[in-house]
Amino acid sequence: MSAVSDQLVTFAILVYLVAMISHAVEYALGNVRAVSARVAPARELVGAGVGGAGDAVAGGADAPVKGDAVGTTPSSTRPSRSAGRARLAGRIAAGLTVLAAALHLGALVTRGIAADRMPWGNMYEFVLTVTWIGTAAWLVVLWKRPSLRRLGLFLTLVMVLLLAFAELKLYVPVVPLMPALQSYWFIIHVSTIVFSSGIFLLGVVPAVSFLLRNGYEQGRRSFPYTLARRLPGAADLERLTFALHAFSFPIFTFAVIAGAIWAEAAWGRAWGWDPKETWAFISWVVYAGYLHARATPSVRRNVATWIAVLGFLTVLMNLFGVNFFFTGLHSYAGVE
């Protein structure tokens with residue numbers, strides 16, 4: 001089962017990569033549709049008939065327009081075909097993401113069966129689970145809000161990078177759970193940490209996208225703001241960022257409390273400022289600061305969103321930095 005899990009992870013990475021390429025195709029072709037929408041009103045004929053901008057001109061689709069030879073196919077049909085191809089590429093990308101998530105889940109299940117425990121015993125397994133939670137949450141968002149599909153390009157990019165890093169740098173063979181973790185609190189504490197971290201992982205994607213898109217809408221045309229040219233509106237991205245963090249923060253709070261209760265039972269103290277405890281507290285304070293700033297009318301949305309991005313950086317520090325550079329009671333990374 002362990003070998004099957006390893007193969008499924010590899011296949012999942014490849015499918016995420018193809019999904020990312022499909023999203024990139026949609027992203028690139030989407031600009032043609034935007035250009036078509038801008039030039040269409042200028043190509044209408046005077047007296048074409050009653051109707052708003054964008055209505056069909058009199059004489060049908062084959063009617064000549066200024067700049068086109070009579071009897072030739074209008075150039076506006078080319079953007080229409082490109083828009084259709086963009087939608088097709090986006091749907092293919094979404095389907096591939098579903099397939100990748102299924103392979104990803106299969107890797108987790110087979111890893112758990114091979115280990116005869118929940119697959120959260122080391123950093124490799126933790127990253128596998130957090131990334132799957134992020135993908136599953138994204139599919140729920142996509143199902144509810146299909147208009148946000150172009151965010152899938154950045155989500156799949158994150159998945160490819162994290163899973164590839166886990167495979168190359170964090171992988172360890174299946175081993176039994178160490179005695180210090182053999183407790184029912186392992187399920188309660190780690191499951192909530194994993195779940196909230198996965199939602200925070202998803203939440204940073206619209207957060208960064210909002211910062212780029214907001215700058216683009218304010219007239220900034222330098223790199224990296226040009227990357228946001230084809231993203232959904234800044235207001236939609238900001239609302240999604242807030243919704244994800246507001247949903248995840250109470251779960252993360254419970255996870256920290258559950259960890260303190262487990263520490264009291266295991267080590268005789270609820271809090272000892274162990275490096276991982278310290279960074280968990282820092283993450284909690286930063287995310288609480290984000291929600292407070294978001295609820296304060298005088299704080300600009302981009303300032304609040306920068307705090308959310310900072311919060312995710314503290315989560316990464318807790319996951320990777322603490323495990324690699326510090327030693328403490330929570331040193332269960334499984335890597336040297």
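The values are calculated or read from the model by the stated rules, or taken from the named source; none is laboratory data. Please read these numbers as outputs of a predicted model, since none were measured by experiment. A quick note on method: Cβ atoms are made from the backbone with ideal geometry, for glycine too, and the neighbour counts reach across all protein chains shown. Side chains included, ligands, DNA and RNA excluded: accessible areas come from the protein's heavy atoms. Shrake-Rupley method; radii C 1.70, N 1.55, O 1.52, S 1.80 Å.
Tell me whether region 66-78 contains one or more residues that are modelled with pLDDT of 85 or more, open to solvent by 40 Å² or more (accessible area, probe 1.4 Å) and among the hydrophobic types (A, V, I, L, M, F, W, C).
No, there is no match, as no residue in region 66-78 is modelled with pLDDT of 85 or more, open to solvent by 40 Å² or more (accessible area, probe 1.4 Å) and among the hydrophobic types (A, V, I, L, M, F, W, C).
Considering (1) open to solvent by 30 Å² or more (accessible area, probe 1.4 Å); (2) in contact with a Pro (Cβ under 9 Å, 6 or more places away or on another chain); (3) of a type in the set (V, I, T), say which one V158 fails and leave the rest.
(2) is the only condition that V158 fails.
I need every pair where a residue in region 5-32 that is closer than 23 Å to L103 by Cα has its Cβ under 7 Å from the Cβ of a residue that is of a type in the set (S, T, N, Q), sequence separation at least 6 or different chains.
S5/T110; L8/T110; Y16/T156; A19/T97; A19/T156; M20/T156; H23/T156
Is there a residue being in contact (Cβ under 8 Å) with a residue 24 or more places away in the chain, farther than 18 Å from L8 by Cβ and part of a helix (DSSP H, G or I) anywhere in region 113-122?
No.
Checking L227 against (1) aliphatic (A, V, I, L, M); (2) assigned to a helix (DSSP H, G or I); (3) in contact (Cβ under 8 Å) with a residue 24 or more places away in the chain, only one condition comes out false. Which one?
Among (1) aliphatic (A, V, I, L, M); (2) assigned to a helix (DSSP H, G or I); (3) in contact (Cβ under 8 Å) with a residue 24 or more places away in the chain, the lone unmet condition for L227 is (3).
Quick check on my filter: what residues within region 261-279 are open to solvent by less than 20 Å² (accessible area, probe 1.4 Å) and either at pLDDT 95 or above or among the small types (G, A, S) (or both)?
If the condition is that a residue be open to solvent by less than 20 Å² (accessible area, probe 1.4 Å) and either at pLDDT 95 or above or among the small types (G, A, S) (or both), then A263 is the only one that fits.
Could you list, in sequence order, the residues of region 167-185 that are in contact (Cβ under 8 Å) with a residue 24 or more places away in the chain and either part of a helix (DSSP H, G or I) or in contact with a Pro (Cβ under 8 Å, 6 or more places away or on another chain) (or both)?
Once the filter is applied, which keeps residues that are in contact (Cβ under 8 Å) with a residue 24 or more places away in the chain and either part of a helix (DSSP H, G or I) or in contact with a Pro (Cβ under 8 Å, 6 or more places away or on another chain) (or both), region 167-185 yields E167, K169, L170, A180, L181, W185.
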